[in-house]
Each structure stands twice: as C-alpha cells, then as structure tokens.
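The block underneath contains the structure these notes are about, expressed in structure tokens.
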C-alpha cells in the first residue's frame, strides 16, 4: 500500500469517528491495522495498537518490533516501549498525538478481536468512559473493496484455480487424502502468494462432513471435494470443486445437479441493494424444494478480503444491503451422512450488473480414472 492510500484510508476512518460518537479508535495488531496502513506488526501477549483520532495517528509497539515497523511505516509516529516498562506511558502519548489530549475519558473503539487482557490494560491506562467495537467504523469501510483490493482478490483466485488442478491431478486410486493435500500445499508454496490457508480434502463418506480434515483415508472409486485457498498480497481466495474417481453414480449426479442449481440461484440473487440474506434464501430454496433442506447445514457464504471470513455473511438474519465492491463466497452444499456430500464454492464480487465470479474453473466435477 502506498503512503497516499494509507493517508486516504486514515482520513476515511477519522471522518467516521464523530458520527460514531467516538474519541479515538485503537486497532490491535491484525487485519484492521493492515487495512488502515498496509502493514501490521505481529500480535502476541505484548500490547500493540494503532491509535487513530481527529488530529493524527500513532503506533504503540513493543521495542522488539519497533525497527521493523519503522522500516515499513516510516510515515507514522512509532512509539515503542520496553517489556519491563509496559505500554501505559506510550498509550497516553499516542492518544495525545491522535486527539490533542492525553487526558482519559470519552468513548474508545477497539478492534473486535482485541485480547481481553489488552482491553483491560487500555482501560487501566486511559480510563475511557466507554469502550465499544471498532467494527462500528471499520465494518462498512472494509466491506467495500477498492480497485486495488479487487485486483488482489482476483490474483488470489487465479492461484487457487491453478492449485486445484494440481490437486485433481494428484487424485488417484491408492493415494490418501493427505497425499492430495501435500500436492496442493507444494503448489501453493511455488506460487507467488503469501501462503495457503488450510487445505481440506475429503473422500467418500468423509465428504458428508463439511469441515473434514484430511487424514490417511485411501482413495478408491467415489467422490471427493477439495476446499482450498491462499492469500495474495494480503487478500484471500476460497474455492471448492469436486472430483470423482471412476464413473459417478446416478445418485451423485442428482445431488450434484441440485447443488449446482442452488449455486446459480445464489449467484443470480446478487444485486445492488438486495440484502445479504437474499443470496442464502435463493440458494437454500432450491435445496429445500428438492427435499434436502435438513442436509444443507451451514450458511451459503461469507465475506472475504483481508480475512478469510469477514462480513457480510450470506445467511438468514444478515440484512446488509449489497453494494458494489463487496466480495463474498457462495458455497451451497448437501451432506448425506454415511453416503457423501457435495459442495461448490466461488468467490464473487458485487458489480452494478450483478455478480462477477472470480474463479475461472468450470463448476462441473472432474472425472478421473487412474
């Protein structure tokens, strides 16, 4: 991220503080900080916060991380502290830089994923009148991806497409789920990305478990699905496609067709102004009409960006209006315990004309006979 982009994002964040009734925003090390300034220090038991207020912004970091942070974020004040000193004095200094006053009080918004012990340390040091969630300000900003973010998401999806094909080539009778996973992980390491997410490989009856972890199950004739993704320049991909060893049964073809119809219905429901729940409702209706409603056991999708799972969520109750630049998965599935399961997953971006599907792969299963 350029300094100009970081300045623009910080300005947008600042503009939301007064409407939110907040004095300052304290963003814990993690993706909130990466969004705001393009880089995040590592997070651990030591306190790290980006403090943003009406008059400025400053980073409070432990001394062990200060040199690296200054190299990467030279345009921001970096206030470091020794382990035996603690962050209290630096938090006061950062608050003064950000708001013009080091005095306590007011409403502070903290990252939703801030460690509880770090919340307590902020309370002890700054004595706010109220502590609330930073998502009040950041959620609407982070949900809308700009052109650069969309390009990074497309690049991550392109890598996932290629790695799925590597995984499909590794599917052979006598191999194990872990063998297929290992082939995909090796391919991800060779790609120009930041690293893979957990790669799920499920065969046979294991495909009826939506989050099955690859094990030593030996592949023979029957169904698989591969659920994979990676991060490229900070942004994630997420993809699920199916493979079948041998000739698919009529039962498999029937279930696959229903899931694929549900995927298309969810995609067709993507429209500016429609609620996120409409995507879930449209996909789920297809599966329910076919009589398999109880076997679709998860939401239809989740937002994706700097995090693999982030708002909005394609599920009943999320009435977030869809807007141009939002990105999320559409991943309906049917899971029949003791038999098999089918899931098909794309990441899509909301455009003025509907959904842009980021993966380029066919949705049909790949049939192998080896």
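Taking the chain as a Gaussian network of alpha-carbon nodes connected by springs under 10 Å, the highest mean-square fluctuation of the residues 299, 139, 251 belongs to 251. Counting only the backbone N, which residues of region 67-109 are under 13 Å from the spot 7 Å out from the Cα of residue 127 toward its beta-carbon? The answer is 102-106, whose backbone nitrogens lie closer than 13 Å to the label point.
Pairs of Cα atoms nearer than 8 Å and 6+ residues apart set the relative contact order; for region 276-342 it is 38 percent. Highest mobility in the GNM of the chain, judged by mean-square fluctuation with C-alpha springs under 10 Å and restricted to 204, 354, 105, is found for 105. In percent, rounded to a whole number, the relative contact order of the chain is 13, using alpha-carbon pairs under 8 Å and six or more apart. When 318, 194 are arranged by Cβ crowding within 10 Å, least crowded first, meaning fewest neighbours, the order is 194, 318.
Separation of region 26-105 and region 341-370, taken as the distance between their Cα centroids, equals 41 angstrom.
Of all beta bridges that DSSP places with both ends in the chain, some 75 percent have antiparallel geometry. Note on residue 11 and residue 139: the model spin-label points, each 7 Å out from Cα along the C-beta direction, lie 2.7 nm apart. Where the centre of each part is set by its Cα atoms, how far does region 308-324 sit from region 215-253, in angstrom? Here the two parts' Cα centres lie 25 Å apart. Considering only alpha-carbon pairs that sit under 8 angstrom and 6 or more positions apart, the relative contact order computed for region 147-368 is 23 percent.
Using the Cα gyration tensor of region 192-337, with a ≥ b ≥ c the square roots of its eigenvalues, what is the shape: rounded (a/c below 1.5), prolate (a/b larger than b/c) or oblate (neither)? Verdict is oblate for region 192-337.
Give me D for region 67-185 in µm² s⁻¹, whole number, from Stokes-Einstein with Rh from the Kirkwood sum over alpha-carbon pairs, 25 °C and 0.890 mPa s. Using the Kirkwood radius from Cα pairs, D works out to 130 µm²/s.
By how many nm would the segment from residue 18 to residue 172 lengthen if fully extended, with 0.36 nm per residue of separation less the alpha-carbon distance? The partial results should precede the final answer.
Values: separation 154, 0.36 × 154 = 55.44 nm, distance 5.94 nm.
Residue separation times 0.36 nm, minus the Cα-Cα distance, leaves 49.5 nm.
In deg cm²/dmol and to the nearest 500, what is the mean residue ellipticity at 222 nm of the chain if only DSSP H runs of at least 4 residues count, each as -39500 (n - 2.57), divided by the residue total?
Working: 10 runs with 135 residues, N = 370.
Computed mean residue ellipticity for the chain: -11500 deg cm²/dmol.
Counting only alpha carbon atoms, the long axis of helix 88-99 and the longest principal axis of the chain meet at about 90°.
Shown for 99, 327, 2: other C-beta atoms within 10 Å of each C-beta, ranked fewest to most, produce the order 2, 99, 327.
Report the FRET efficiency, 1/(1 + (r/R0)^6), for residue 367 and residue 233, where r is their Cβ-Cβ distance and R0 is 35 Å, rounded to 0.05. Write down the numbers at each step before the final one.
Values: r = 35 Å, r/R0 = 0.99.
About 0.50, to the nearest 0.05.
Rounded to the nearest whole angstrom, the semi-axes of the ellipsoid equivalent to region 3-142, taken from the Cα gyration tensor as √(5λ), stand at 19, 18, 14, largest first. Of all DSSP beta bridges confined to region 147-368, the antiparallel ones make up roughly 90%. Round to the nearest 10 and give me the degree value, 0 to 90, for the angle of helix 3-17's Cα axis relative to the longest principal axis of the chain. The answer is roughly 80 degrees. On a 0 to 90 degree scale, rounded to 10, what angle separates helix 116-126 from the longest Cα axis of the chain? Roughly 20 degrees between the two axes. Put in line by how crowded their Cβ is, counting other Cβ atoms within 10 Å and starting with the fewest, 161, 32, 129 read 129, 161, 32.
Here volume of the Cα convex hull per residue in Å³ was computed from the coordinates, and among [x] 143; [y] 127; [z] 215 the match is [x].
Read-outs: derived from the displayed coordinates by stated rules, not from any lab. Note that this is a predicted model, so its numbers are computed, not measured. Cβ atoms come from the backbone with ideal geometry, glycine included; neighbour counts cover every protein chain shown.
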